[in-house]
Amino acid sequence: MQTPSTGRSTTTASRGRRITTKYIYNEQAESYLKALFFNAARSVCPSFRVDEHNREAVNLLFYYFTQSDKATLDLNKGILIQGSPGTGKTTLLRAFREFIMAASKLTQAEVKSSYRIVSANQICTEWQDTGRVDQFLRNSKNYMGRPEILCIDDLGMEPLATMHMGTTRNVLEYVLHERYSYFVKDGLITHTTTNVGRPAIGARYGEAIRDRFADMFNTIVLGGPSRRG
């Protein structure tokens, strides 16, 4: 496939923190990428469909992850998808991860970087078992260097306090605080899905973390009935 970018324009991030390049795709390239996304989505969930409940979210995420000039989300921030259980939050971020990998391999589209998906419960279990969460602050191999993009799934469903060797910690409060520091310093992106609203975020992780969410994330609310069953 030919490079789908037919031009580019630069925009300054909010608060002037970073500069992001947006790409202009012609109609043929955009159609090809959309078809690639649907293939990726159906490889994750064979029954995947776009309807009145998720159409806006899919469009917002498609233009965000392709870094299109049509993107209305802040490309310097991560994605937070909030909604009731079963509305397809995790499926969307799994589908776009597959799409990014396919587009990177098969096209010259300037898609955003891929990410690792890990549940909030897994992070707490790692702390409980080892007393360490380095792989969620740095990278999956625990070595020093640039931290990796991470998607924290089901934030708010993990235990509020987790114990290791007699030490109790609100693990996700710590992880979010540290990843926010990397975000401010290096522009590190974090994505997340959650069933809980902003008041519950403040209650679980403190008002400081709640306030930082507006800085770190583009929030998408996903409605509709459960797609399970």
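The values are calculated or read from the model by the stated rules, or taken from the named source; none is laboratory data. Nothing here was measured: the structure is a model prediction, and the numbers come from that model. Cβ: placed from backbone, ideal geometry, glycine included. Neighbour counts: every protein chain shown. Ligands, DNA and RNA are stripped out before the accessible areas are found, and what is left, the full protein with its side chains, is counted by its heavy atoms. Shrake-Rupley method; radii C 1.70, N 1.55, O 1.52, S 1.80 Å.
What lysines sit close enough to LYS77 to cross-link, taking a C-alpha to C-alpha distance under 18 Å and skipping anything fewer than 8 places away on the same chain?
The reachable lysines, counting only those whose Cα sits under 18 Å from LYS77, are LYS22, LYS89, LYS112, LYS185.
Once the Cβ-Cβ distance between ARG42 and LYS70 is put in as r, and R0 is 30 Å, what FRET efficiency do you end up with, to the nearest 0.05?
In this case the efficiency is close to 0.80.
At most 11 other Cβ atoms within 10 Å and a DSSP loop assignment: could you name the trypsin sites (Lys or Arg not before Pro) in the stretch 121-229 that fit?
LYS141, ARG228
Given H placed 1.01 Å from N in the peptide plane, which residues other than close sequence neighbours of THR192 have an amide H under 5 Å from its amide H?
ILE79, LEU80, ILE81, ILE152
Keeping all protein chains in place, calculate the accessible area per residue for the chain (probe 1.4 angstrom), answer in Å².
Per-residue accessible area for the chain comes out at 49 Å².
Pairs of Cα atoms under 8 Å, at least six residues apart: use those to get the relative contact order of the chain, whole percent.
24 percent
Which whole-Hz couplings ³J(HN,Hα) result when phi for each residue of the stretch 149-166 is put into the Karplus expression 6.51 cos²θ - 1.76 cosθ + 1.60, θ = phi - 60°, listed in order with x for Gly and Pro?
5, 10, 10, 8, 8, 6, 4, x, 9, 7, x, 5, 10, 10, 10, 9, 6, x
Can you tell me which of CYS151, CYS124, CYS45 moves the most in a GNM of the chain? Springs connect C-alpha atoms under 10 Å apart.
CYS45
Ignoring everything except DSSP H segments at least 4 long, calculate the 222 nm mean residue ellipticity for the chain; use -39,500 (n - 2.57) per segment, divide by total residues, nearest 500.
So the helix-based figure for the chain works out to -13000 deg cm²/dmol.
Of [x] 37; [y] 23; [z] 52, which is the value of percent of Cα pairs over 31 Å apart derived from the coordinates here?
The value matching this structure is [y].
Stick to Cα atoms and the Kirkwood definition of Rh, then tell me Rg/Rh for the stretch 100-223.
0.98
Leaving out ligands, DNA and RNA, what percent of the accessible area of the chain is carbon and sulfur, probe 1.4 Å?
C and S fraction of accessible area: 48 percent.
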